[in-house]
Amino acid sequence: MLGTIVAATASIGAVSAGYQSMAPTGQWYGHTFTGLERGSKQLALTYDDGPNDPHTFRLLEVLSKHNVHATFFLIGRYVKQRPDIVREIAKSGHVIGNHTFTHPLLTLKSAAQIRQELTTCRGAIQDAIGEHSNLFRPPFGGRRPAVLRIAREVGLEPVMWNVTGYDWNAPPAEVIERKVSRRIRGGNVVLLHDGGHVNIGADRSQTVIATDHLIAHYKAEGYSFATIPEMMETMLASV
């Protein structure tokens, strides 16, 4: 009986540890930024897996129309392919973060590989636009203590999310909007995608439409939109 209990406890612990390594708001393995306290009237739009032609450009047009700035977590190998898009993101006043060079699941990588992914992506961004933010988002949300430790050793601050539109497989805009709206409680970091990690050219037209509608809807409800650094400043000011 004792052996059964021990085995069951170990199994539960392993499942919990696995969940925490991928859960966007999990904090077992170290602190990550996931937004403000519930009830804040501030929201942060974040976009992963760019730069991407043509949808990043179209997204920039929508954000400009609404005078909203967002945070873009870019894949380094795409940055090297399309530095012109990266320059346009920065020129438009948006914040750029590190999303690794090749978008691997970092929980399966060695310490040396993790470090290389982060520093090579940072180098690509610097080559394209010079110094930018110190923000980092792990691909798939996957992290373990070594991932967060190495990120901070190279000067990067891990950022996760607490709302997602599940738009990675390009569902209709109304589905993306509904999934986001179900979870908005204020102070949220919203995960969307302007690209795809497999290759450049992923269809993100529905995300662009959803972004347009979501901004209009939540501005009408009195919300404002901030970049991740702006949201972090709000949090510090409230302490």
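The values are calculated or read from the model by the stated rules, or taken from the named source; none is laboratory data. The model shown is predicted, which means the values in this text are computed figures rather than measured ones. Heads up, the Cβs are rebuilt from the backbone with ideal geometry, glycines too, and the neighbour counts pull from every protein chain shown. Keep in mind that these areas ignore ligands, DNA and RNA; they rest on the heavy atoms of the full protein, side chains included. Shrake-Rupley method; radii C 1.70, N 1.55, O 1.52, S 1.80 Å.
Condition first: closer than 26 Å to THR234 by Cβ, open to solvent by less than 30 Å² (accessible area, probe 1.4 Å) and in contact (Cβ under 8 Å) with a residue 12 or more places away in the chain. Can you find one or more residues in the stretch 101-114 that meet it?
No, because not a single residue in the stretch 101-114 is closer than 26 Å to THR234 by Cβ, open to solvent by less than 30 Å² (accessible area, probe 1.4 Å) and in contact (Cβ under 8 Å) with a residue 12 or more places away in the chain.
Could you list all residues from the stretch 162-173 that are touching a helix residue (DSSP H, G or I) at 6+ places or on another chain (Cβ under 8 Å) and either open to solvent by 30 Å² or more (accessible area, probe 1.4 Å) or part of a strand (DSSP E or B) (or both)? Spell out the reasoning first.
Pass one, the stretch 162-173, residues touching a helix residue (DSSP H, G or I) at 6+ places or on another chain (Cβ under 8 Å): 163-167, 170-173.
Scanning the stretch 162-173 gives VAL163, THR164, TYR166, ALA170, PRO172.
Inside the stretch 148-161, can you point out the residues that are buried (at least 16 other Cβ atoms within 10 Å of the Cβ) and charged (D, E, K, R)?
Hit for the stretch 148-161 is GLU157, nothing else.
Kindly indicate whether VAL239 is under 24 Å from GLY76 (Cβ atoms), surrounded by fewer than 16 Cβ atoms within 10 Å (Cβ to Cβ) and among the aliphatic types (A, V, I, L, M).
Judged against the criteria, VAL239 is not a match.
May I ask you to list the residues in the stretch 137-146 that are touching a residue at least 40 places away in the same chain (Cβ under 8 Å) and crowded, with 23+ Cβ neighbours inside 10 Å?
If the condition is that a residue be touching a residue at least 40 places away in the same chain (Cβ under 8 Å) and crowded, with 23+ Cβ neighbours inside 10 Å, then ARG137, ARG143 are the ones that fit.
Of the residues SER92, SER133, which is open to solvent by 10 Å² or more (accessible area, probe 1.4 Å), closer than 25 Å to LEU63 by Cα and modelled with pLDDT under 95?
SER133 is the lone residue from the list that is open to solvent by 10 Å² or more (accessible area, probe 1.4 Å), closer than 25 Å to LEU63 by Cα and modelled with pLDDT under 95.
Taking VAL190 as meeting all but one of (1) touching a residue at least 60 places away in the same chain (Cβ under 8 Å); (2) surrounded by fewer than 19 Cβ atoms within 10 Å (Cβ to Cβ), write down the number of the exception.
The failed condition is (2).
For the structure I just gave you, tell me whether ARG185 is under 21 Å from ALA216 (Cβ atoms) and of a type outside the set (Ser, Thr, Tyr). Break it down stepwise before answering.
Working: under 21 Å from ALA216 (Cβ atoms): yes; of a type outside the set (Ser, Thr, Tyr): yes.
So ARG185 fits the description; yes.
Of the numbered conditions (1) in contact (Cβ under 8 Å) with a residue 60 or more places away in the chain; (2) open to solvent by 30 Å² or more (accessible area, probe 1.4 Å), TRP28 fails exactly one; give the number of that condition.
Result: TRP28 passes all but (1).
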